[in-house]
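*Asks:* Quick one: the structure is below, questions incoming.
Taken together, the values in this text are just the output of simple stated rules run on the coordinates, not laboratory data. This one's a predicted model, so the numbers in the text were calculated from it and none came from an experiment. Because the Cβ atoms are built from the backbone with ideal geometry, glycine has one as well, and the counts that use them run over all protein chains shown.
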Amino acid sequence: MSVIVQVLLLLGCLLILLASVGAVKFPDTLTRMAAVSKSSTLGVVLLCAGAAVHFGDVLMGGLLLLAALVLFLGIPVSSYLMARVRVRNSRIIPLQLKRNDLQSDEPSV
């Protein structure tokens with residue numbers, strides 16, 4: 001294995017490890033979701049890049065690039081939507097917030 005492949009795979013694994021540590025250590029749902037979505041997305045993209053460099057095949061590289069693109073676009077959007085649903089359904093708004101961007105989304109009763 002080349003050094004580039006090893007570095008990409010190691011960085012991807014470390015980012016995914018940090019995401020799992022953040023999922024356990026952070027205090028509330030929203031910060032856990034933010035940590036997991038951001039770092040695991042980049043970690044998986046780095047793993048796909050490392051695999052593409054390792055195999056060196058154009059078809060395999062294209063498939064891995066497509067998979068990385070779908071994950072790179074899909075995970076943050078789905079995480080945002082899950083956090084939005086969580087805030088709207090359970091009314092969890094931390095007291096430290098100075099501004100609530102989702103306040104206009106709340107249904108009027």
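*Asks:* Set the Förster distance to 25 Å, then compute FRET efficiency between residue 57 and residue 14 from the Cβ-Cβ distance, nearest 0.05.
*Replies:* My answer for the efficiency is 0.45.
*Asks:* Oh, and also: Among 33, 65, 51, which residue has its Cα positioned farthest towards the positive end of the charge dipole of region 1-100, with +1 placed on the Cβ of Lys and Arg, -1 on the Cβ of Asp and Glu, and the dipole taken about the Cα centre?
*Replies:* Going by the Cα projections, it comes out as 33.
*Asks:* Report the percentage of all Cα-Cα pairs in region 3-89 whose separation exceeds 17 Å, rounded to a whole percent.
*Replies:* Value for region 3-89 (Cα pairs over 17 Å): 53 percent.
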